[in-house]
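The values are calculated or read from the model by the stated rules, or taken from the named source; none is laboratory data. Keep in mind it's a predicted model, so treat the numbers as computed, not measured. Note that we place each Cβ from the backbone using ideal geometry, even for glycine, and neighbour counts take in every protein chain shown.
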Amino acid sequence: MMGAICSSDMDLYNIDEIVCPTNEAGVPAKKAGDAFLGGGTWLYSTPHPSAKRLIDLSTLPIQHIEMGEDAVYIGAPCTLAQLRESEILRAWPAFGLLDAAINALSSSFKVWELATLTGNVCLSLNKCTTAPVLMLLDASYELRLGDELRWVSAAEFQTGHLENILRPGEWLRRIRIPFASLGGEGVLKRISLTEEGSVVALASAYPVPTGGFRFVVSAATVRPVMISFDSLPTASLLLESMEKAMAQVPLYADSHGSAEYRRAMALDLLEQCRGSLQGEAVA
Ligand SMILES: Cc1cc2nc3c(=O)[nH]c(=O)nc-3n(C[C@H](O)[C@H](O)[C@H](O)COP(=O)(O)OP(=O)(O)OC[C@H]3O[C@@H](n4cnc5c(N)ncnc54)[C@H](O)[C@@H]3O)c2cc1C
């Protein structure tokens, strides 16, 4: 059943229709000019001349946060604020890393009240701070296109700045984080030119509860770059390995920082993350 047309009274002048499906079967088949609407914090913040119809996913009856048998699931309508307040997630040591990722966004709590985690992931900005952490936590994404569902790993989702593997008409239904990944305490470091400014470089590291260590950098590159080790690497091994991995991915540059500056900052933050984990391992 097609959802109701809930409003045409909005200030994106080219939008003719907003569809608010009341169930998943009501998500209409893709047509030219469609855009999925999460919290709208990005969609409503900049012109989208090609968009004609918005399909509102925030009204779908999908659990915002739920415990499965072996994983936590975060549904499409779940906002960043709800995620931060979730008792289910707060019970896990890795909550601190998720919380740090949201705090690292250059947006304020006013945006977090509306913005969804899935919207942040699907926007796929190079400076997205949540996607790299979801990669560290071995998250996977349930994607829906019509009646077809598929799971993909967070690590393979984002392919570039504002680019990901979603097919036309496909949407991110749920994010799954396995319990087995939630038992560690990670570290996240980010830098921007001003205190609340756009993220120029980000690094994060995670001691995998089942063994090994994962490191990721982003914002310096067009998408996050993650590497893994069986044990905590030395500074030189980490640097060499990340330099090699980053060489496979285009660097990002804009008015907030040149490519070389961002790269150098990402590698510096990465070593700071390693140092933090080493400090904890020694303590
Ligand atoms: C002041 C400000 C600062 C910001 N700083 C940062 C920052 O530092 N880093 C960062 O990453 N972002 C930043 N953002 C962007 C913000 O985080 C995003 O606007 C937000 O996370 C997107 O969530 P949303 O639910 O509002 O998405 P929307 O604006 O509704 O949608 C964003 C995009 O994702 C698509 N989409 C949404 N949900 C789904 C879904 N479930 N399946 C498929 N596609 C979907 C939409 O079609 C659209 O293309 C900032 C925004 C503001 C206003």
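Of these, Ser107, Ser58, Ser50, which one is within 26 Å of Ala219 (Cβ to Cβ) and either within 11 Å of the ligand (Cβ to nearest atom) or at pLDDT below 95 (or both)?
Going through Ser107, Ser58, Ser50 in turn, just one is within 26 Å of Ala219 (Cβ to Cβ) and either within 11 Å of the ligand (Cβ to nearest atom) or at pLDDT below 95 (or both): Ser107.
Against the test of being surrounded by 21 or more Cβ atoms within 10 Å (Cβ to Cβ), modelled with pLDDT of 95 or more, over 29 Å from Arg262 (Cβ atoms) and more than 8 Å from the ligand (Cβ to nearest atom), the options Gly75, Gly68 yield a single qualifying residue, Gly75. For the range 131-163, a tally of residues being surrounded by fewer than 23 Cβ atoms within 10 Å (Cβ to Cβ) and within 9 Å of the ligand (Cβ to nearest atom) returns 3. In this structure, does Ser204 turn out to be of a type in the set (S, T, N, Q) and in a strand (DSSP E or B)? Yes; evaluated as a whole, the condition is true for this residue.
If the condition is being free of Cβ contacts under 8 Å to residues at least 24 places away in the same chain, touching a strand residue (DSSP E or B) at 6+ places or on another chain (Cβ under 9 Å) and of a type in the set (S, T, N, Q), then the range 211-235 contributes Ser228, Ser231. Check the range 17-34 and report whether any residue there is near the ligand (Cβ under 9 Å from one of its atoms) and outside any loop (DSSP other than H, G, I, E, B). Yes, that holds for at least one residue. The set of residues in the range 103-123 that are closer than 15 Å to Ser192 by Cβ and of a type outside the set (S, T, N, Q) comprises Ala104, Leu105.
Out of Gly169, Gly197, Gly184, which single residue is more than 14 Å from the ligand (Cβ to nearest atom) and either in the same structural domain as Gly257 (by TED's automatic domain parsing) or of a type outside the set (D, E, K, R) (or both)?
Gly184
Under 23 Å from Val216 (Cβ atoms) and modelled with pLDDT under 95: is that true of Trp112 in this structure? So Trp112 passes the test. If only residues of the range 172-181 that are away from the ligand (no atom under 14 Å from the Cβ) and aliphatic (A, V, I, L, M) are counted, the one that is surrounded by the fewest Cβ atoms within 10 Å (Cβ to Cβ) is Ala180. Within the range 222-239, is even one residue within 19 Å of the chain's Cα centre (by Cα), of a type in the set (D, E, K, R) and buried (at least 16 other Cβ atoms within 10 Å of the Cβ)? Yes, some residue in the range 222-239 is within 19 Å of the chain's Cα centre (by Cα), of a type in the set (D, E, K, R) and buried (at least 16 other Cβ atoms within 10 Å of the Cβ).
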